[in-house]
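Please treat every number below as a calculation from the coordinates, not as lab data. Fair warning: this is a prediction, and the values are worked out from it, not measured in the lab. All Cβ positions, even for glycine, are placed from backbone atoms using ideal geometry, and neighbour counts span all protein chains on display.
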Amino acid sequence: MFKDKRLLITGGTGSFGTTVLKKFIDSDIRDITIFSRDEKKQEEVRNQFSNEKIKFCLGDVRDYTSIYQALDGIDYVFGAAALKQVPSCEFYPIEALKTNVLGVENVLNASKARRVEKVIILSTDKAVYPINAMGMTKALSEKVMISKSRMFSDITLCATRYGNVMASRGSVIPLFVEQIKSNNIITVTNPNMSRFMMSLDDSVELVKYAFANANSGDIFVQKAPATSIETLVLALKDIFNSRSEMKVIGTRHGEKLYESLLSSEEMSKAEDLKNYYRVPVDSRDLNYSKYFDEGKQISNNLDDYNSNNTQQLNIEETKNVLLKLEFIRKEIND
């Protein structure tokens, strides 16, 4: 599928982008363009990989001209550029809107203009029943993608939605490990919170699956186990043979008790694809008589798909998952 293709990753210097590079760099893909606005991180990635297949483009998804220029000759796009930190988006919601919504629209419009074949935008569990600015803007970015999928007939647009990605930049596992290795108190907002346990490799596999199977307008979710924050801390303490105490500091701005990857309304129409769910686009046109006179019967007795009703990992199972992470293995050996 990727043979001789040219791929561009927006926000490509982040955890997702660098994982894609590790997965794809030795394949028969033609080249990969990293599009981002942080020249320091681009230099770090350039030094880390030092490969002629990797190209770098300095720009910002907020600027249509810069993304349009970068997409010249590109076949596929991974849209990973986003403001992701819940507290910062709470304090600066308009900044989140500019990147997460208007930036996505720029990427989609420029991709259409440049005749890109496929675009996948990366979304989040926080777009389901959003209670914070980050989730609201990501939910709206999905709506923008779905809207464009109805307008553009010659390009495939879809979204992948995933929850907590273990050991990604800014996530809680690196923080806990740092506190444990420094013999500091482990700060926990709420020990009863549950989170999906997805690896960065899982997130890339989800995107690859979407590329291979998407109809325009689809949203894909990968099934994943979950664990409570308390179980996660106890598993990490066991791995590092730590006696650090856990301190509950209280919930942060806009933080959820658990993650939902599909709403109950989406579950009523989702297709179960064994390891994945596909939510197909609602392809009805803007004929309001259909909404008043010809509504569609759906089942409302389904729960949403969340980190409380998926498979729950115990301490040993959580340890086994953590020990598969390159980050954890490296920290053990350091």
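General remarks:
- Within straight-line cross-link reach of LYS112, lysines at Cα separation under 24 Å, skipping those fewer than 8 residues along the same chain: LYS3, LYS5, LYS55, LYS98, LYS138, LYS143, LYS148, LYS208
- LYS319, LYS269, LYS40, LYS247 arranged by Cβ crowding within 10 Å, fewest neighbours leading: LYS40, LYS247, LYS269, LYS319
- Highest mobility in the GNM of the chain, judged by mean-square fluctuation with C-alpha springs under 10 Å and restricted to LEU261, LEU302, LEU236, is found for LEU302.
- Of the beta bridges in the chain, as assigned by DSSP with both residues counted there, near 25 percent are antiparallel.
- When the charge dipole of region 187-294 is built from unit charges on Cβ atoms (+1 for Lys and Arg, -1 for Asp and Glu) and taken about the Cα centre, the candidate among GLN222, GLY250, PHE240 whose Cα reaches farthest toward its positive end is PHE240.
- Shape category assigned to region 1-117 from the gyration tensor of Cα positions, a/c cut at 1.5: oblate
- Here's the picture: charge each Lys and Arg Cβ at +1 and each Asp and Glu Cβ at -1 in the chain, and of PRO191, PHE152, PHE24 the one pushed furthest to the positive end of that dipole is PHE24.
- Rounded if a/c under 1.5, otherwise prolate or oblate - the chain, Cα gyration tensor axes: oblate
- Residue-by-residue Karplus 3J(HN,Hα) for region 238-246, coefficients 6.51, -1.76, 1.60, Hz, glycine and proline x: 5, 4, 9, 6, 9, 10, 4, 8, 9
- Computed from backbone phi with θ = phi - 60° and the Karplus coefficients 6.51, -1.76 and 1.60, the 3J(HN,Hα) list for region 214-229 is 6, 9, 4, x, 5, 10, 10, 10, 9, 5, 8, x, 9, 8, 7, 4 Hz; x is used for glycine and proline.
- Based on DSSP H segments of at least four residues, each scored -39500 (n - 2.57), the chain has a per-residue ellipticity at 222 nm of -11000 deg cm²/dmol.
- For LYS55, the residues 5 or more places off, or on other chains, whose built amide H falls under 5 Å of its own are ILE32, THR33, ILE34.
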